[in-house]
Amino acid sequence: MDTKTTEKQIDYRDYIIIHLRGGRLVMEMSMNGIAPVNLEVASTALNDGTWHELAVTQIGKASFSSLQ
(Lines give C-alpha, C1' and ligand atoms only; values in the text may rest on other atoms or scores of the structure.)
Protein backbone atom coordinates (compact mmCIF):
# COMPACT_ATOMS: atom_id res chain seq x y z
CA MET A 1 0.00 0.00 0.00
CA ASP A 2 1.03 3.59 -0.40
CA THR A 3 -0.14 6.86 1.14
CA LYS A 4 -2.87 7.25 -1.49
CA THR A 5 -4.67 4.03 -0.61
CA THR A 6 -8.24 4.10 0.64
CA GLU A 7 -7.48 1.30 3.09
CA LYS A 8 -7.04 2.15 6.77
CA GLN A 9 -3.56 0.63 7.10
CA ILE A 10 -0.44 2.16 5.57
CA ASP A 11 2.68 0.04 5.19
CA TYR A 12 5.71 1.82 6.61
CA ARG A 13 9.12 0.37 5.79
CA ASP A 14 11.18 2.46 8.21
CA TYR A 15 11.92 0.94 11.58
CA ILE A 16 14.47 0.77 14.37
CA ILE A 17 14.64 -2.21 16.74
CA ILE A 18 16.77 -1.81 19.85
CA HIS A 19 17.36 -4.66 22.30
CA LEU A 20 19.97 -6.35 24.47
CA ARG A 21 21.64 -9.61 23.45
CA GLY A 22 23.89 -11.09 26.11
CA GLY A 23 23.72 -7.73 27.90
CA ARG A 24 25.07 -5.86 24.87
CA LEU A 25 23.17 -3.31 22.82
CA VAL A 26 21.94 -4.45 19.40
CA MET A 27 20.22 -2.15 16.88
CA GLU A 28 18.57 -3.15 13.62
CA MET A 29 17.35 -0.40 11.33
CA SER A 30 15.79 -0.11 7.93
CA MET A 31 15.18 3.29 6.35
CA ASN A 32 13.37 4.00 3.09
CA GLY A 33 12.75 0.30 2.47
CA ILE A 34 16.47 -0.49 2.20
CA ALA A 35 17.72 -3.85 3.52
CA PRO A 36 18.12 -3.77 7.30
CA VAL A 37 21.47 -2.92 8.90
CA ASN A 38 22.47 -4.68 12.13
CA LEU A 39 24.78 -2.98 14.60
CA GLU A 40 26.04 -4.68 17.75
CA VAL A 41 27.86 -2.39 20.14
CA ALA A 42 30.99 -4.10 21.46
CA SER A 43 31.06 -2.12 24.68
CA THR A 44 30.75 -3.49 28.16
CA ALA A 45 27.51 -5.23 29.06
CA LEU A 46 24.61 -2.91 29.85
CA ASN A 47 22.66 -5.30 32.07
CA ASP A 48 24.50 -4.02 35.13
CA GLY A 49 21.49 -2.75 37.07
CA THR A 50 22.12 0.95 36.31
CA TRP A 51 20.33 3.29 33.90
CA HIS A 52 21.95 4.07 30.55
CA GLU A 53 20.97 6.69 27.97
CA LEU A 54 20.83 6.00 24.23
CA ALA A 55 20.26 8.70 21.61
CA VAL A 56 19.65 7.78 17.96
CA THR A 57 19.46 10.51 15.31
CA GLN A 58 18.80 10.24 11.58
CA ILE A 59 19.80 13.07 9.26
CA GLY A 60 19.13 12.26 5.64
CA LYS A 61 20.80 8.95 4.86
CA ALA A 62 23.08 9.05 7.91
CA SER A 63 22.26 7.67 11.36
CA PHE A 64 24.14 8.47 14.54
CA SER A 65 23.95 6.92 17.98
CA SER A 66 25.37 7.89 21.34
CA LEU A 67 25.40 5.70 24.43
CA GLN A 68 26.13 6.91 27.96
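Test A55 against the stated conditions and say whether it is of a type in the set (A, V, I, L, M, F, W, C) and under 12 Å from the mean Cα position of the chain (by Cα).
Yes; evaluated as a whole, the condition is true for this residue.
Restricting to the range 23-68, name every residue that is among the charged types (D, E, K, R) and either closer than 21 Å to R13 by Cβ or not in a loop (DSSP other than H, G, I, E, B) (or both).
R24, E28, E40, K61, listed by residue number.
One line per residue, one yes/no per condition, for (1) loosely packed, with under 10 Cβ neighbours inside 10 Å; (2) modelled with pLDDT of 85 or more:
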position	(1), (2)
D11	no, no
L20	no, yes
A35	yes, no
T44	yes, no
T57	yes, yes
Residue count for the range 46-55, restricted to those that are exposed (fewer than 10 other Cβ atoms within 10 Å of the Cβ) and among the hydrophobic types (A, V, I, L, M, F, W, C): 2
Selected residue (only one of E40, E28 is of a type in the set (D, E), in contact with a strand residue (DSSP E or B) (Cβ under 6 Å, 6 or more places away or on another chain), at pLDDT 85 or above and surrounded by 10 or more Cβ atoms within 10 Å (Cβ to Cβ)): E28
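The values are calculated or read from the model by the stated rules, or taken from the named source; none is laboratory data. All values reported here derive from a predicted model rather than from experimental measurement. In this analysis, Cβ positions are derived from the backbone assuming ideal geometry, glycine residues included, and neighbour counts consider all displayed protein chains.
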